1. How do 66, 80 line up, fewest other C-beta atoms within 10 Å first?
2. How far apart, in nanometres, would the label points at residue 183 and residue 210 be if each is projected 7 angstrom from Cα along the Cα-to-Cβ direction?
3. Below 18 Å, Cα to Cα, which lysines can residue 285 reach? Residues fewer than 8 away in the same chain don't count.
4. Please turn the phi angles of the range 267-280 into ³J(HN,Hα) values with the Karplus equation 6.51 cos²θ - 1.76 cosθ + 1.60 (θ = phi - 60°), one per residue in order, whole Hz, x for glycine and proline.
5. Local charge sum around residue 35 (other residues, Cβ-Cβ under 14 Å, Lys/Arg +1, Asp/Glu -1)?
6. Using only DSSP helix segments of four residues or longer, with each worth -39500 (n - 2.57), what per-residue ellipticity at 222 nm results for the chain after dividing by its residue count and rounding to 500?
7. For the pair residue 53/residue 268, report the inter-label distance in nm, with labels modelled 7 Å from Cα in the Cβ direction.
8. So if we plug the beta-carbon distance of residue 369 and residue 131 into 1/(1 + (r/R0)^6) with R0 = 45 Å, what FRET efficiency do we get, rounded to 0.05?
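Every number here is computed from the coordinates shown, using simple stated rules; none is lab data. Because the structure is a prediction, the values reported are computed rather than measured. Neighbour counts are summed over all protein chains in view; Cβ atoms, including those assigned to glycine, are modelled from backbone coordinates with ideal geometry.
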Amino acid sequence: MIMGKIIKTVAQLEDIKTDFLKKQEQFKYRILVCGGTGCVSSNCAAIENALNDELNKQGIAKEVQVYQTGCMGICAMGPVMLVLPDRTFYTQLTPDKAKEIVQNHLINKEVVEEYTFYDQSLLKYVPKIDDIEFFKAQVKIVLDLCGIIDYTNINDYIAHDGYLAAAKAITSMSREDVVKEVETSGLRGRGGAGFPAGTKLRAGYSQKSEIKYMVCNADEGDPGAFMDRSVIEGDPHCLIEGMILSAYAIGAQQGYVYIRAEYPIAIERLKVALQQAREYGFLGKNLFGSKYNFDLEIRIGAGAFVCGEETALMSSIEGKRGEPRQKPPFPFQAGLFGHPTIINNVETLANLPKIIRNGGKWYASFGIEQAPGTKVFALAGDVVNTGIVEVPIGTPIGNIIYNIGAGIPNKKEFKAAQIGGPSGGCITKENLNIPADYESINKMGAIMGSGGLIVMNEDTCMVDTARYFMDFIRDESCGKCVACRVGTKRMLEILEDITQGKGKPGDIELLIELSETIQASAMCGLGQSAPNPILSTIRYFKDEYEAHIRHKRCPAGTCTELIGYRILPDKCTGCTVCARNCPVTCIHGERRKTHLIDQQECIKCGVCFAKCPFKAITRG
């Protein structure tokens, strides 16, 4: 790539774009290998190496370009790759499959259909990526280049109109103009609260201070959430450009990206992108030949969930213990090092280049009036197509789970979806048609949050789910305020008692009372939202709590202390499969005669239940 040349004009950007696209024309095929974390863990590097080896062996290496991209979205199918210009999508690859694809697809011009995406609802292979429902049902603004561009090549980003918005803003727009465009877009912060991004920029812009800071909160800590990580891994320059635009709007000359240490791939790719941006003059002094200076640094967090809270995050950047501060003053008044600071998350910032490039009115045409644009969700749990998805705000939750996610595997029934992470709540089957927007979800006792969407099937115990999230929050509490430090511990103890068969009458009422007290008295958002999973599960699944407390029974059959396995005499054939697989030999009986489980010796592992071919064993 061309590096070392300081870019000062839009014309120079256009020259890079023209040169890059012209070079791509020499290739008959381009093979995009997914390099998201999921595919990295399934050894996508071996796929890339196998492709290059086979291309060299066949003597066509100069005709085919192979490179890694960011996450393509459908993580359950990795490793995956996309062949252009055919737009053929191959899944679950191995090095041998990759070599076979080179021979058949690239040389013999025959698509290897059995290696393409298999649609379980249609019961057939769907070779073209544009025909796959997972991709068809999405609208990509934030993720538009993830899985498309070479994240190591800044010229590829520029060829897709990258840094055009930054050049436009700095060379031909005032700071006020940028703020107004974001206000016109109606963009709301995607970090969870949904606060208007334009209003936040306006607050930073209005502060009279020579020193201001722009901070990106990339401390994505919700279990099952990987939206921000995917954006940084696949399109790091988009984040950098969004930071430049935000900083210019408020008048900040220094920015920080606060990212957790558990994201080493994202950190490494962002470091490379920052170096490339500096070499082109997109960071540093006199951006695009102007008098505006701005630079950006990475700050790596130790993985404390509480540092996702803005004041705790700033304390961590300052080198202090990551604990929240009392507000006011708010960060836009006195934030990092005591100076006005604006903090936005990765997804919010990734929207800005598109808004400035295409206009606020263009962006407002997506989504709904109260919340324009799209939302990125991490779809995880008991769903066929797990992965990263982007849909217009207002899309029904059920559409995300069933149209994009393809529903619940193994013919299980949908039970609930936890949205908003540990601070969120659950969406039940009766509410699957509610639109995914801030207000509608709030009415259900949940929150949009940063976009984690964990699907749970009929085998999930909702009391144990609440216990799991409370255990997480208790561990992650910084302990600064009594409400969170003591309250979460006490609520966890009650939930543990309930799931272990030690629950008492009045426990449900006590949980509600504790929850309301903590919501009203905790210092920061982590503590204030900590009771949400409890209140949500009690609201929709109170009968499960009562079954655990009154009848010492777990309806889902997952709380070990409340499980009992018994053999049904009318169904047992005496095949001995259960007895032969029992790890403690607590199942007794002669062949072809009804067997019995010794309840005193049974360790409730569930092996007999899973292995019985005649469904002669009950659990509950």
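1. Starting with the residue having the fewest Cβ neighbours, the order is 66, 80.
2. 2.8
3. Candidates past the 8-residue exclusion: 5, 8, 168, 212.
4. So the Karplus estimates, Gly and Pro as x, are 4, 5, 5, 5, 4, 4, 5, 4, 5, 5, 4, 5, 5, 8 Hz.
5. -4
6. Using -39500 (n - 2.57) per qualifying helix, the result is -11000 deg cm²/dmol.
7. 2.1
8. 0.90
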